[in-house]
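Let me begin by presenting the structure, written as structure tokens, before commenting on it.
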Amino acid sequence: MHKQILIVGAGFAGMWAALSAARLADKHQQTIDITVIAPQPELRVRPRFYESAVQTLVAPLQPLFDVTGVNFLQGHVEQILPDSKEVSWKDANGDIHLRRYDRLVLASGSHVNRDIVAGAAEHAFDLDQLESAAVLEQHINDLALQPESEARNTVVVCGGGFTGIEMALELPGRLREILGADAKTRIVVVERGAQPGGRWSQELRDVIIEASAELGVEWRVNTEVECVDASGVTLKDGQTIASQTVIWTVGVQANGLTAQIDAPRDRQGRLHVDANLQVIGHDNIYATGDVAYAATDDKGNHALMTCQHAILLGKFAGNNAAASLLNVAPLPYRQENYVTCLDLGAWGAVYTEGWDQQVKLTRAEAKKLKVSIVSELIYPPKADKAVAFEIADPLAPFV
């Protein structure tokens with residue numbers, strides 16, 4: 001029987017883990033059965049879910065898996081059984097199966113936790129998954145059908161991280177299209193930090209503040225949401241904001257499957273991994289993408305929950321899982337170059353380099369780069385084995 005690599009998840013990390021493992025097996029002319037279990041054979045382009053037409057932001061993976069020899073099982077993993085090296089998974093019909101593995105690559109992603117604040121689960125929207133982002137988009141489109149009011153014309157974005165910023169600064173233009181150019185709209189970002197973008201460099205903060213001011217996006221800093229209800233939000237300082245549209249972007253946690261593995265985890269539930277992306281204490285299990293707490297360099301930096309990190313994490317995890325079965329030396333994960341490219345709506349965008357976020361491009365120049373990244377660079381390669389394997393090499397330049 002051939003050795004089995006089982007990959008849980010078909011996001012950026014899971015897809016690239018599968019291609020990288022298949023590449024290494026092909027390179028050494030060895031057969032390894034590589035199987036991906038995920039709800040659907042498609043890459044959902046999550047970094048773009050703040051945009052409109054969200055249902056179109058997917059890329060099919062089955063043709064790519066077919067030409068590279070990757071197997072696909074449609075379903076959800078319910079339980080990880082490290083002692084027997086099996087997973088329990090539920091197929092599309094609801095039937096439960098067991099699947100054995102020699103190496104497991106956990107790439108099951110992350111989710112926004114709306115349960116951390118009273119009423120958020122019932123009354124707030126999010127753009128965390130394709131389905132919930134589509135619900136939000138439909139709601140925003142339907143606002144024009146509602147009677148005009150302050151609450152109808154006000155959107156509250158809870159959280160001033162990158163997702164919250166991109167969503168908030170997208171909204172002025174979108175609301176004008178939906179409600180009309182004369183509508184008095186209001187977008188408010190609620191941020192617990194002392195200033196917009198407070199966790200980033202002063203250069204980047206200044207750009208975010210400038211773009212927000214130009215687009216009319218308000219920031220409520222030094223405060224948090226106390227509760228959400230049908231009328232809007234109540235802040236911890238007692239203020240209320242009437243709104244029919246409250247968008248939740250904070251409280252991101254690694255997928256709950258990480259809790260089934262007896263290993264150290266960080267406060268977001270990510271599994272601690274070594275340089276080869278093996279889960280600490282589990283030689284047969286690798287973690288990658290949003291479920292991995294992985295050092296990117298020797299300077300104390302760790303991978304973030306971004307597709308930028310997930311893509312390369314996936315390539316290294318798949319390569320190293322296959323390498324361990326082929327008796328080939330693994331490749332220690334390194335990702336020393338870090339950039340950000342933040343969409344700032346009609347204002348443009350901002351592009352930075354380094355962990356200290358040195359601003360290199362702004363406005364139209366940065367917007368052009370942003371569009372190129374999210375509409376071309378992060379998409380799967382075409383269904384061509386040679387092309388896919390070339391790009392799946394962890395040491396290939398990622399440009």
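The values are calculated or read from the model by the stated rules, or taken from the named source; none is laboratory data. Source: prediction; values computed, not measured. Cβ placement follows ideal geometry from the backbone for every residue including glycine, while neighbour counts extend to all protein chains displayed. For accessibility, only protein heavy atoms count, side chains too; no ligands or nucleic acids. Shrake-Rupley method; radii C 1.70, N 1.55, O 1.52, S 1.80 Å.
Given the condition under 18 Å from residue 22 (Cα atoms), open to solvent by 20 Å² or more (accessible area, probe 1.4 Å) and touching a residue at least 60 places away in the same chain (Cβ under 8 Å), answer yes or no: does some residue in region 301-314 qualify?
Looking through region 301-314, at least one residue is under 18 Å from residue 22 (Cα atoms), open to solvent by 20 Å² or more (accessible area, probe 1.4 Å) and touching a residue at least 60 places away in the same chain (Cβ under 8 Å).
Exactly one of these conditions fails for residue 237: (1) surrounded by fewer than 17 Cβ atoms within 10 Å (Cβ to Cβ); (2) of a type in the set (Asp, Glu); (3) closer than 20 Å to residue 341 by Cα. Give me its number.
(3)
Could you tell me whether any residue of region 75-93 is open to solvent by 20 Å² or more (accessible area, probe 1.4 Å), within 26 Å of residue 376 (Cα to Cα) and under 21 Å from the mean Cα position of the chain (by Cα)?
Scanning region 75-93, I find no residue that is open to solvent by 20 Å² or more (accessible area, probe 1.4 Å), within 26 Å of residue 376 (Cα to Cα) and under 21 Å from the mean Cα position of the chain (by Cα), so the answer is no.
Might you let me know whether region 237-249 holds any residue that is within 27 Å of residue 174 (Cα to Cα) and in contact with a Lys or Arg (Cβ under 7 Å, 6 or more places away or on another chain)?
The answer is yes, given that some residue of region 237-249 is within 27 Å of residue 174 (Cα to Cα) and in contact with a Lys or Arg (Cβ under 7 Å, 6 or more places away or on another chain).
I'd like to check which strands (runs of 3 or more DSSP E) are fully inside region 37-155 and have at least 2 residues that are touching a residue at least 12 places away in the same chain (Cβ under 8 Å), closer than 23 Å to residue 282 by Cβ and of a type in the set (A, V, I, L, M, F, W, C).
71-81, 86-91, 103-106
Residue check: is residue 44 over 23 Å from the mean Cα position of the chain (by Cα), charged (D, E, K, R) and either buried (at least 20 other Cβ atoms within 10 Å of the Cβ) or at pLDDT 95 or above (or both)?
no
For region 334-344, name all the residues that are open to solvent by 20 Å² or more (accessible area, probe 1.4 Å) and either without any contact (Cβ under 8 Å) to a residue 12 or more places away in the chain or over 17 Å from the mean Cα position of the chain (by Cα) (or both).
334, 336, 337, listed by residue number.
For residue 293, are the conditions met, namely being open to solvent by 10 Å² or more (accessible area, probe 1.4 Å), within 24 Å of the chain's Cα centre (by Cα) and among the aromatic types (Phe, Trp, Tyr)?
Yes.
Out of 197, 160, I need the residue that is under 23 Å from residue 307 (Cβ atoms), at pLDDT below 95 and open to solvent by less than 40 Å² (accessible area, probe 1.4 Å). Which one?
Just a single option satisfies the conditions, and that option is 197.
Could you give me the residue pairs with C-beta distances under 9 Å whose first residue belongs to region 345-367 and is open to solvent by 10 Å² or more (accessible area, probe 1.4 Å), whose second residue is of a type in the set (Phe, Trp, Tyr) and not in a loop (DSSP other than H, G, I, E, B) wherever it lies, and which are 6+ apart or on separate chains?
Filtered contacts from region 345-367: 359/351; 360/351; 361/351; 362/347; 362/351; 363/347; 365/351; 367/347.
In region 11-36, how many are in contact with a helix residue (DSSP H, G or I) (Cβ under 7 Å, 6 or more places away or on another chain), closer than 24 Å to residue 93 by Cα and assigned to a strand (DSSP E or B)?
Qualifying residue count for the region: 2.
Just to verify a result, which residue in region 295-324, among those that are among the hydroxyl-bearing types (Ser, Thr, Tyr) and in a loop (DSSP other than H, G, I, E, B), is farthest from residue 375 (Cα to Cα)?
Among those residues, the one meeting the criterion is 296.
Using the structure shown, decide if residue 207 is assigned to a strand (DSSP E or B) and open to solvent by less than 20 Å² (accessible area, probe 1.4 Å).
So residue 207 fails the test.
Would you pick out the residues in region 380-399 that are assigned to a loop (DSSP other than H, G, I, E, B), in contact with a Leu (Cβ under 8 Å, 6 or more places away or on another chain) and open to solvent by less than 50 Å² (accessible area, probe 1.4 Å)?
380, 381, 394
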